[in-house]
Amino acid sequence: MDDNASYCDTPASVPASAAPDGDAGPPFAECVLCREPTEYPESAKGATLCPVCAWQEAGRTACSG
């Protein structure tokens, strides 16, 4: 009896609406460290960081003692 067979099944194709669109949404602010797009709109105030730089900065801050 193979009850797990349907558990691991994946759809044959992903609908186009589920695929991420690179230019969807408002214009995003650039990261102040690497100049990659961030999750923040261009109108955001302060130093905006992309998720990668934000994670690295949090690691540096946490380990700085």
query: All but one of (1) modelled with pLDDT under 60; (2) open to solvent by 100 Å² or more (accessible area, probe 1.4 Å); (3) not hydrophobic (A, V, I, L, M, F, W, C) hold for Ser6; which doesn't?
result: (2)
message: Under 7 Å between Cβ atoms, which residue pairs at least 6 apart in sequence (or on different chains) link something in region 43-65 that is in a helix (DSSP H, G or I) with a partner that is of a type in the set (Asp, Glu)?
response: Pro51/Glu39
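Answer with yes or no whether Val32 is at pLDDT 90 or above, part of a loop (DSSP other than H, G, I, E, B) and surrounded by 10 or more Cβ atoms within 10 Å (Cβ to Cβ).
Values: at pLDDT 90 or above: yes; part of a loop (DSSP other than H, G, I, E, B): yes; surrounded by 10 or more Cβ atoms within 10 Å (Cβ to Cβ): yes.
Here the answer is yes, as Val32 does meet what is asked.
The values are calculated or read from the model by the stated rules, or taken from the named source; none is laboratory data. Nothing here was measured: the structure is a model prediction, and the numbers come from that model. In this analysis, Cβ positions are derived from the backbone assuming ideal geometry, glycine residues included, and neighbour counts consider all displayed protein chains. To get the accessible areas, we keep the full protein, side chains included, count just its heavy atoms, and leave off ligands, DNA and RNA. Shrake-Rupley method; radii C 1.70, N 1.55, O 1.52, S 1.80 Å.
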